[in-house]
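So the structure is just underneath, and the comments pick up after that.
The values are calculated or read from the model by the stated rules, or taken from the named source; none is laboratory data. Only a predicted model underlies this, so the values are computations on that prediction, with no experimental measurement involved. Please note: Cβ atoms are built from the backbone with ideal geometry, for glycine as well, and neighbour counts cover all protein chains shown. In case anyone asks, the SASA skips ligands and DNA or RNA and just uses the protein heavy atoms, side chains included. Shrake-Rupley method; radii C 1.70, N 1.55, O 1.52, S 1.80 Å.
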Amino acid sequence: MDAIVVEGLRKQFDPPKGPVAVDDVSFGIREGEIFSLLGPNGAGKTTIISILSCLLRPDAGEARVGGFSVTRESDEVKRLIGVVPQEIALYEELSGRENLLFWGRMYGLNGPALNKRVDEVLDWIGLVDRQTDRLEKYSGGMKRRVNIGAALLHNPRFLYLDEPTVGIDPQSRRSILDGVKNFNAAGVTVLYTTHYMEEAQEISDRIAIMDRGAMIAVGAQDELVRLVGERTRINLALDRNADILAERWRDLAGVSTVSEPEDGRLWVLTDDANSLMPRLFDSAQTAEARITEINLAEPNLEMVFLHLTGRALRD
Amino acid sequence: MKRAWHIAGKEILQNRRDPLALLFTIVLPVIFTVFLGLLIPSGDEGDTRLPLAVVDEDGTRASQELIDGLADIPLLELKTSSAAAIDSAVQDQKVAAGLIIPDGFGEAAEAGRPVALTFIRVETSSGAQSVWEAVEGALSRSNAATLAAEVAAEQVSAETGRPLDQGLLRSALSIAESHLAAPAIGIEVIDAGDSPVARSGGFQQSSTGALVNWVLFGLLGVCSTVVWERKNGLLSRLSAAGVRSSEILGGKTLAMVALTFAQQLLLVLLGQFAFGVDYFSSPLALLFIMISLSLLATAFGLLIASVLRSEQAVVAATVVTALLLAALGGAWFPLEVTSAGFSKIAHVLPSAWIMDAFHGITLKGWGVADILKPIGIVWIWIVAVASVALWRFRPE
């Protein structure tokens, strides 16, 4: 049985003419897994997190967290969850330790138990040495780590992380992703939102792909990739005549899709890249064009998103 | 409510670490207190007499008696001058007016002949007009005494056959003067001394006014923290952690009340010991007023932050609200100097009642019972404004 159940969620802002942020979304999250919501900005990921955090009421549908309804039993739900918001929701004038102490008190912790827990969390997020520095002196990555630490103080059963790696350096991102895997290994069920395909691929047991408020696919990474078959993507750059070649390549045997050229760049989806590539070079030569760059990409979530929406994830 | 205390503690710690907090809570209010205190004239300020330059060209006993009579008028401050300097002294407004007692004044007065004094003034000067009326009053009394003495002496001479000589005239004049000194019909002047109307100027006004003004401007602090915390997801995070809206608002209210109360206490102590404002005639009444003012500012701050969302709208609304409450409520100038209509309209605002209560304890020696009405009205405002704020407050 799923630990988090979402059924037919719908949320529209400023009805009746406002945007529909989430439209008839259903999914389930199993106890102990890392479940990612992957999609571009505006896909509805944060709205789902807000509903599951009892901060927004859905217009329709129902969600249950740990068996409790987010609309009728919000107090019980809030006790089970730790929420890491997209913003650095911390106080700049306080030190890292003071921030954690404050949030611990908000979760009802006090006295020696609170201090012990703060020590543990500081150790996990690797900020023991800088704990007394004010937050305003921290780097973006350090703040992100405290942001996560503040959600872990009360030992939540479920941890929601909303785009926790936005705007940080690769080293801090690595640290956060490793941390998420560690928390999960310790038994925390994780709901993770991101628009970075690589992150979702790396840490997730299962992934839900979202676009414009709708859930377009759910499953483990290999299940999702199978949706687009075993096609390989060939990325090409041409010095001229890209439009002419795109038309010609669409008629070539073994080609399933050719993108619209943009600044001389385009991509081709194929089941057999090895046999197709020589023919691409031949046809380029016929059109008096030169392929100046070529690389192959194995099937991934980016291609799944492209296949299902007709747009690149980064768009 | 334990969380509200923790939120309050956190807010106070943040405020303590804010480098601008000291400037807005203490430095600027003190500067305004001093500035306005010097700007607004006080009802009990030192010498308010009008200077009158006098040239005595006669130098007789009669002229000296006239000068003594003028010196006894409380409105006037006599300054001895010379015929050469008196004109420029008046023109340069070193004195309000000038009076020349001409040579032969005494002789003419003794002989009962008409004699004219020279009064020098700037025509448009209201001070000169007041001096003129005072001099004219003194001369009228002098003329009345002379006339009464002459009539009485003539009557005595006619009835007794005693010759009408200087001795009889002087004797009659002496009797007339003594009667005029204690006339049958007099005017008793009573100072409405307990009324702030005459006395809420100077530091009495500026100390209480600056205090109310800067506490009201403290609502900017409440608003900006709520807006900042909403924008940065802190309020949502608190809500997701299970903290209720009432606990968030309660914590912010506790912090704001504590901070503005401390601010008030410092300004009250400064007013009491540096500017001589009598705040401690009733410490309990003072305590009630201070707490009420702190709550009032907090309630307005939370209302604005609850109703409005954008940072620009909140800042604009906060400044306008604080300005209206402070200026129209009498924190910038005493409402007593405004028209009755203006004062009545101003008393729609709670700040006017706060100022009344402050003036009551500093000027009239009011106690707790006396402040019940103004503070009761302030509390109606507090409850109403805070209720709407709580009703409309959304962390998201």
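Rounded to the nearest 0.05, what FRET efficiency is calculated for A:Asp119 and B:Trp5 with R0 set to 30 Å and r the Cβ-Cβ distance?
0.80
Please check region B:1-21 for residues whose accessible area, probe 1.4 Å, is lower by 40 Å² or more when all protein chains are in place than in their chain alone.
B:Arg3, B:His6, B:Lys10, B:Gln14, B:Arg17
Can you give the accessible area of B:Phe217 in Å² (nearest 10), computed on protein heavy atoms with a 1.4 Å probe?
My reading of the accessible area for B:Phe217 is about 60 Å².
Which whole-Hz couplings ³J(HN,Hα) result when phi for each residue of region B:372-386 is put into the Karplus expression 6.51 cos²θ - 1.76 cosθ + 1.60, θ = phi - 60°, listed in order with x for Gly and Pro?
So the Karplus estimates, Gly and Pro as x, are 4, 5, x, 6, x, 5, 4, 5, 4, 4, 4, 5, 5, 5, 5 Hz.
Let me check something: with ligands and nucleic acids excluded, how do A:Thr189, A:Thr71, A:Thr286 order by accessible area (1.4 Å probe), largest to smallest? Mind dumping the intermediate values first?
Working: A:Thr189 0, A:Thr71 35, A:Thr286 105 Å².
Solvent-accessible surface, decreasing: A:Thr286, A:Thr71, A:Thr189.
I'd like the Karplus ³J(HN,Hα) series for region B:138-153: coefficients 6.51, -1.76, 1.60, θ = phi - 60°, whole numbers in Hz, and an x wherever there's a Gly or Pro.
Going residue by residue, I get 5, 5, 4, 4, 4, 5, 5, 5, 4, 4, 4, 5, 5, 4, 5, 5 Hz, with x marking Gly and Pro.
Between A:Arg212 and B:Leu266, what FRET efficiency follows from the Cβ-Cβ distance if R0 is 51 Å, with the result rounded to 0.05?
Working from the Cβ atoms, E equals 0.35.
How much of A:Glu62 can a 1.4 Å solvent probe reach, expressed as accessible area in Å² and rounded to 10?
40
Taking the Cα centre of region A:4-220 as origin and charging only Cβ (+1 Lys, Arg; -1 Asp, Glu), how large is the dipole, in debye to the nearest 20?
Once rounded to the nearest 20, the dipole reads 260 debye.
Show me you know the interface measure: the accessible area buried between A and B, both chains summed, probe 1.4 Å, in Å² to the nearest 100. It would help to have the intermediate numbers written out before the result.
On the way: alone 15120 and 20950 Å², together 33810 Å².
What A and B bury together is about 2300 Å².
Which residues of region A:99-134 show a drop of at least 10 Å² in accessible area when all protein chains are present, compared with their chain alone (probe radius 1.4 Å, heavy atoms only, ligands and nucleic acids excluded)?
Those residues are A:Phe102, A:Trp103, A:Arg105, A:Met106, A:Tyr107, A:Asn110, A:Arg134.
Hey, can you rank A:50-57, A:290-297, A:13-20 by average C-beta count inside 10 Å, highest first?
Descending mean neighbour count gives A:50-57, A:290-297, A:13-20.
Sorted by average packing, counted as other Cβ atoms within 10 angstrom per residue and highest first, what order do B:359-372, A:120-133, A:148-161 take?
A:148-161, B:359-372, A:120-133
First compute the accessible area of chain B with a 1.4 Å probe, then give the percent of it belonging to carbon and sulfur atoms.
On chain B, the fraction of accessible area on carbon and sulfur atoms equals 63 percent.
Using a 1.4 angstrom probe on the protein heavy atoms only, could you order A:Phe183, B:Phe288 from most to least accessible area?
Working: A:Phe183 25, B:Phe288 90 Å².
These residues rank, largest area first, as B:Phe288, A:Phe183.
Distance check, please: which entries in A:Lys116/B:Lys2; A:Lys137/B:Lys10; A:Lys78/B:Lys2; A:Lys181/B:Lys10; A:Lys137/B:Lys2; A:Lys45/A:Lys116 exceed 25 angstrom between their Cα atoms?
From the list (A:Lys116/B:Lys2; A:Lys137/B:Lys10; A:Lys78/B:Lys2; A:Lys181/B:Lys10; A:Lys137/B:Lys2; A:Lys45/A:Lys116), the Cα-Cα distance tops 25 Å for A:Lys181/B:Lys10; A:Lys137/B:Lys2; A:Lys45/A:Lys116.
For chain A, with a Gaussian network of springs between Cα atoms less than 10 Å apart, report the residue from A:Leu227, A:Leu245, A:Leu101 with the top mean-square fluctuation.
A:Leu245
Could you tell me the center-to-center distance, by alpha carbons, between region B:361-382 and region A:111-182 in angstrom?
51
Roughly speaking, to the nearest percent, how much of chain A's 1.4 Å accessible area is carbon and sulfur? Don't skip to the end; give the middle numbers.
Values: 6400 of 14030 Å².
C and S fraction of accessible area: 46 percent.
Amide H neighbours of A:Arg231 under 5 Å, counting only residues 5+ apart in sequence or on other chains, H built in-plane at 1.01 Å?
Distant-sequence amide H within range of A:Arg231: zero hits.
Using the Karplus curve 6.51 cos²θ - 1.76 cosθ + 1.60 with θ = phi - 60°, what ³J(HN,Hα) values do you get for each residue of region B:256-263, in whole Hz, with x for Gly and Pro?
Whole-Hz 3J(HN,Hα) from phi for region B:256-263: 5, 5, 4, 5, 6, 5, 4, 4.
When ligands, DNA and RNA are left out and all protein chains stay put, how many square angstrom of accessible area per residue does the protein assembly as shown have with a 1.4 Å probe?
Using a 1.4 Å probe on heavy atoms only, each residue of the protein assembly as shown averages 48 Å².
Sequence-distant or interchain residues sharing an amide H contact under 5 Å with B:Ala85, placed H: which?
Distant-sequence amide H within range of B:Ala85: zero hits.
Amide H of B:Leu50 versus every other amide H placed in the peptide plane: which residues, excluding those fewer than 5 positions away on the same chain, fall under 5 Å?
B:Leu76, B:Glu77
Compare A:Asp251, B:Asp68 by solvent-accessible area with a 1.4 Å probe and give them largest first, with all protein chains kept in place. Don't skip to the end; give the middle numbers.
Numbers: A:Asp251 130, B:Asp68 75 Å².
Descending order: A:Asp251, B:Asp68.
Label-point separation (nm) for B:Ala21 and B:Asp68, each offset 7 Å from Cα along Cα-to-Cβ?
Simple spin-label model gives 6.9 nm for this pair.
Beyond 40 Å, what share of the Cα-Cα pairs of the protein assembly as shown is found? Please give it as a whole percent.
For the protein assembly as shown, the fraction of Cα-Cα distances above 40 Å is 58 percent.
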